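A quick write-up on the structure given underneath.
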Amino acid sequence: MTTVEDLLAAVRPLEGGREIEDPATGEVVGRAPEHTAADLDAAVAAARAVQPGWGALTHSQRSHYLNLAADAVEAHAEPLAVLLSREQGKPLNGPNARFEVGACAAWLRATASFELEPEVLVDDEGGLAELHYRPLGVVGAIGPWNWPMMISVWQLAPALRMGNTVVMKPSEYTPLSVLALAHVLNTAMPADVLHVVSGGREVGEALASHPHVDKIMFTGSTATGKAIIRSSADTVKRLTLELGGNDAGIVLPDADPKAIAEDLFWGAFINTGQTCAALKRLYVHENIYEDVVVALAGVAEAMPMGVGLDENNVLGPLQNKAQYDIVANLVRAATDAGARVVVGANPRADQPGYFYPTTLIADIDNNNPLVTEEQFGPALPIIKYSNVDEAIAMANALDVGLGASVWSADPAQAREVAARIEAGTVWINKHGAVDPRMPFGGAKQSGYGLEFGIEGLKGLGSPQVISG
Ligand SMILES: NC(=O)c1ccc[n+]([C@@H]2O[C@H](COP(=O)([O-])OP(=O)(O)OC[C@H]3O[C@@H](n4cnc5c(N)ncnc54)[C@H](O)[C@@H]3O)[C@@H](O)[C@H]2O)c1
C-alpha cells in the first residue's frame with residue numbers, strides 16, 4: 001500500500017529543492033525540485049525522442065494506456081488525495097481532494113473513449129478528401145495551483161491521446177501534487193512520454209518559448225496568458241489558453257430562493273472560491289433579493305471550514321498569502337465603501353494558516369472592485385437589479401467571459417437569457433458543472449481554444465487534408 005511518504009520520497013530532489021508549506025498549518029509538506037533550463041532542455045529532448053513511436057501507435061493503443069493510467073490513479077487515490085489536501089489546502093471531504101483525484105481518473109477514461117474518425121469532405125466536382133488530425137509533437141502544459149491535479153489531466157490526457165508527448169510545468173505553489181500524480185501515471189505509461197519540470201515563472205517562460213515545443217496548453221491568469229502569447233510568438237506555437245474569469249449568475253424573479261440556495265452556494269464556494277469558473281457576481285431581482293440573501297446565508301453558516309485532513313470540513317484555507325491578501329483587501333474596501341456584510345468578513349487573528357471566512361456581501365455597487373476584479377476567494381457580492389436587461393448588461397460589462405448561470409423556474413426563459421450572455425458556458429440552475437464530453441473554454445479575455453470532448457482532442461492535433 002503506497003503512502004503519502006512514499007509519494008513524497010519518489011518526487012523529492014536528491015539535494016536542494018524548495019520546501020512546500022501546508023497553507024492550513026504552515027508545516028512543511030515536502031521538498032520539490034527546482035529544475036533549471038538545462039533540465040527543461042533534457043525533458044523536451046527526451047519527450048521529442050519518443051514522440052514518433054508514441055505517435056505511430058493507433059488511437060486504441062494509446063487509449064489503452066490512458067485507461068491503465070486511470071487504473072493507477074484509482075489504485076493510489078487516497079494517498080494522492082491526502083497529499084493534495086496537505087499541499088493545496090482543500091479538504092479531503094466534499095467536492096474537494098477526493099473528488100479531484102476521482103475526476104482525474106474519470107477524465108482519463110472519458111478521453112480514452114472518444115471516437116475520432118477522419119472526416120470525409122466532398123469538393124465541387126464530387127471528389128473526395130479526408131480531414132485527419134496528426135500529432136503536433138511535444139506539448140508543454142503550464143498549470144495553476146487551484147485544481148492542480150485535475151487541470152494537469154485536462155491538459156495531458158487529450159495531448160497524449162492525440163499522439164503527442166508532454167512536458168508539464170506545475171504551479172510553484174503546488175508542484176508536489178503534480179509530480180506525485182505524474183509519478184503514478186508514469187507507472188502505467190511508456191517511458192518518457194510524460195515529463196514534469198518543477199520551478200517558477202522562468203521555467204514557464206522557457207517552456208513557452210522553447211524551440212522544440214509545438215503547443216502550449218496554459219491554464220492560469222489572463223496576465224500570464226498574455227505573456228505566453230508574446231513568448232510563444234517567435235516559434236508560432238499553437239496555444240490553448242484557459243484564463244481568468246469573473247462569472248456572473250442572474251437569478252430571475254420566478255426562482256425559488258430556498259430551492260436554489262445550496263446549488264448557488266457550491267457554484268460560488270467550491271474549492272473555497274478558488275475556481276476559475278466559480279460564481280463570482282450574483283445578480284438577484286429586487287422582488288426576491290432579501291429572500292435569496294437569507295437563504296444563502298443559512299447555507300453558508302452551516303458549511304464547516306478548517307484543516308483539510310479533518311473529515312468534518314468542506315471548506316479550507318486560501319492556498320497562499322498573496323491570494324489571502326487580495327481577498328481580504330477587496331472585502332475590506334467593499335465594506336469601507338458601505339456594502340453590507342451578511343456573513344463573514346471577520347478573519348480570526350489567532351488561527352494559523354490562510355483561512356478567510358465564508359463571506360456574503362449585499363447592497364454593493366456593481367462598480368465596486370469586489371465585483372469587477374477576479375477575487376478568487378470565498379467571498380460573494382450580491383447585487384440587486386430591477387429588470388433583466390440591466391442584469392444582462394452588468395453581466396456582460398467586463399472583459400472576461402468564462403462561465404455564467406441563469407436561475408429560473410422556467411427553463412425556456414432561462415435559455416433566452418443565457419443566449420444573451422457573453423461567456424463560454426452558461427449553466428441553467430447550476431454553476432461550474434464541467435463534464436469531459438462538453439467542450440469548455442472562455443469568451444473574450446478568458447482565453448481561446450476548447451478543452452474536453454472531441455473539440456478538445458482536435459485542438460491537440462495538426463489538421464491535415466488529404467485530397468484526391
Ligand atoms: N480558464 C480556466 O480553465 C482556469 C482554470 C483554473 C484557473 N484559472 C485561472 O488561473 C488563475 C489562478 O492561477 P495562478 O495564480 O496559478 O495563475 P498564474 O498565471 O499566476 O500562474 C499559472 C502558471 O503560469 C506560470 N507562469 C507565471 N508566469 C509565467 C510566464 N511569464 N510564462 C509562462 N508561465 C508563467 C506559473 O508558474 C504557473 O505555473 C486565475 O486567474 C484563474 O481564473 C483559469
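The values are calculated or read from the model by the stated rules, or taken from the named source; none is laboratory data. Small disclaimer: the values here were computed from a predicted structure and weren't measured. Here the Cβ positions follow ideal geometry from the backbone for every residue, glycine too, while neighbour counts run over all protein chains shown. The area values use the complete protein model at the heavy-atom level, side chains included, leaving out ligands, DNA and RNA. Shrake-Rupley method; radii C 1.70, N 1.55, O 1.52, S 1.80 Å.
The table below lists the values:
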read-out: Inter-residue pairs, beta-carbon under 9 Å, first in the same structural domain as Val371 (by TED's automatic domain parsing) and open to solvent by less than 10 Å² (accessible area, probe 1.4 Å) and in segment 248-276, second assigned to a helix (DSSP H, G or I) and among the hydroxyl-bearing types (Ser, Thr, Tyr), 6+ apart; value: Val251/Tyr289
read-out: Verdict on Asp234 being more than 22 Å from the chain's Cα centre (by Cα), of a type outside the set (Ser, Thr, Tyr), more than 10 Å from the ligand (Cβ to nearest atom) and in a loop (DSSP other than H, G, I, E, B); value: no
read-out: Checking Gly245 against (1) open to solvent by less than 20 Å² (accessible area, probe 1.4 Å); (2) away from the ligand (no atom under 16 Å from the Cβ), the condition it does not meet; value: (2)
read-out: Helices (runs of 4 or more DSSP H) contained entirely in segment 43-135, each with at least 1 residues that are closer than 22 Å to Asp214 by Cα; value: 59-75, 97-113
read-out: Selection count where residues are open to solvent by 20 Å² or more (accessible area, probe 1.4 Å) and within 9 Å of the ligand (Cβ to nearest atom), scope segment 155-205; value: 5
read-out: Matching residues in segment 203-246 - criterion: being without any contact (Cβ under 8 Å) to a residue 60 or more places away in the chain and either over 25 Å from Pro439 (Cβ atoms) or among the hydrophobic types (A, V, I, L, M, F, W, C) (or both); value: Glu205, Ser209, Pro211, Ala223, Ala227, Ile229, Arg230, Ser231, Ala233, Asp234, Thr235, Val236
read-out: Condition met for Pro13 (assigned by TED's automatic domain parsing to the domain that holds Val166, in a loop (DSSP other than H, G, I, E, B) and surrounded by 15 or more Cβ atoms within 10 Å (Cβ to Cβ)); value: no
read-out: Residues of segment 57-74 that turn out to be open to solvent by 30 Å² or more (accessible area, probe 1.4 Å) and in contact (Cβ under 8 Å) with a residue 12 or more places away in the chain, as a count; value: 8
read-out: Selection status of Pro211, farther than 17 Å from Trp154 by Cβ, more than 11 Å from the ligand (Cβ to nearest atom), open to solvent by 20 Å² or more (accessible area, probe 1.4 Å) and touching a Phe, Trp or Tyr at 6+ places or on another chain (Cβ under 8 Å); value: no
